[in-house]
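What follows draws every value from the coordinates through simple rules; no lab data is involved. For clarity, every value in this text was computed on a predicted model and none was experimentally measured. Counting neighbours? That spans all protein chains shown, and the Cβs are built from the backbone with ideal geometry, glycine included.
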Amino acid sequence: MPKIPFDACTATASLEKLKKIHQGMGLHASAISILEPTNRPNLFYGVRSIEGNGLGQKDLEFLIPKVQVGETLETSLIPKTLVYIDHKQDAPKIADEIRLLLPSDLRTRPPRPMVWNGDPRSQAEIIVCVYHVEMSSTMKNMVIEDWKAGKSRIMIASSACGLSINDKEVERIIQWGVKRLDNLDTLKQRYGHCARDSGKQGLCLLFTEKNYIGPRALRPINNDGDIRRSTLED
């Protein structure tokens, strides 16, 4: 099929991976590669060490606006935030830590639904939601619908949410920990969900375990961008 044009598109790929794509698809040596930087001027990047209990205590308090006694928290003012985790068992624990920052009346669950498809969640569980691949399809659909409707403002999620969400309103992306993070390409993919509306300013924040900063550092050690921990003197 010499006259049929082919495109091979990817959000992130190292030069080594681009070579493998060319070889695997049998692309001609004259094939054109268009490379665009993943950095965007409307994104701010930051790195912080995890200081609290490892589940967001103190570290993630800034996600919920503080209100004075007697004031009502306007949840629509909470910027849409994706908190990416790489250990799904941590997702509900981190979500619970953030929910404790919400007013107590939002944390009260409604009476148990009398119908099979009733919603048993409290308002806090909707505002700060969880999404990962092992959730039931019913709960996934409820979470996605609430997110699209703007009811959910903070999502604790695995990479599975990237397959279901394309939301220009996301203003903050947080990577929680690097211990289980596969590679830098995964991190770039996740950051790519932030501030897709060029008119918005986005924050991409990496929270890392303390033993990955200071005298020990993160750095890619091969062309595939795999993350390893090594001393600065290596």
### Query
Within the stretch 49-57, is there a residue that is on the phi > 0 side of the Ramachandran plot and either of a type in the set (Ser, Thr, Tyr) or surrounded by 10 or more Cβ atoms within 10 Å (Cβ to Cβ) (or both)?
yes
### Task
Select from the stretch 65-86 the residues that are closer than 20 Å to GLU125 by Cβ and in contact (Cβ under 8 Å) with a residue 40 or more places away in the chain and list them in ascending order.
THR75, SER76, ILE78, PRO79, LYS80, THR81, LEU82, VAL83, TYR84, ILE85
### Task
Kindly establish whether GLU61 is free of Cβ contacts under 8 Å to residues at least 60 places away in the same chain and surrounded by 10 or more Cβ atoms within 10 Å (Cβ to Cβ).
yes
### Query
Hey, any hits in the stretch 90-98 for a residue that's in contact with a helix residue (DSSP H, G or I) (Cβ under 9 Å, 6 or more places away or on another chain) and either in a loop (DSSP other than H, G, I, E, B) or loosely packed, with under 11 Cβ neighbours inside 10 Å (or both)?
no
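Among the residues of the stretch 26-49, are any part of a helix (DSSP H, G or I) and not polar (S, T, N, Q)?
Initial filter on the stretch 26-49 (part of a helix (DSSP H, G or I)): none.
No, the stretch 26-49 contains no residue that is part of a helix (DSSP H, G or I) and not polar (S, T, N, Q).
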### Query
Does any residue of the stretch 129-144 turn out to be more than 16 Å from ALA160 (Cβ to Cβ) and touching a helix residue (DSSP H, G or I) at 6+ places or on another chain (Cβ under 6 Å)?
no
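Would you check which residues across the stretch 59-81 are over 19 Å from the mean Cα position of the chain (by Cα), within 18 Å of GLU97 (Cβ to Cβ) and in a loop (DSSP other than H, G, I, E, B) and list them? Even if it seems obvious, please write down each step before you answer.
Here is the first cut: in the stretch 59-81, the residues over 19 Å from the mean Cα position of the chain (by Cα) are 65-77.
In the following step, the residues that additionally are within 18 Å of GLU97 (Cβ to Cβ) were identified as 65-66, 73, 75.
Passing the criteria: PRO65, LYS66, LEU73.
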### Query
Quick check, is GLU36 within 19 Å of ASP185 (Cα to Cα) and acidic (Asp, Glu)?
yes
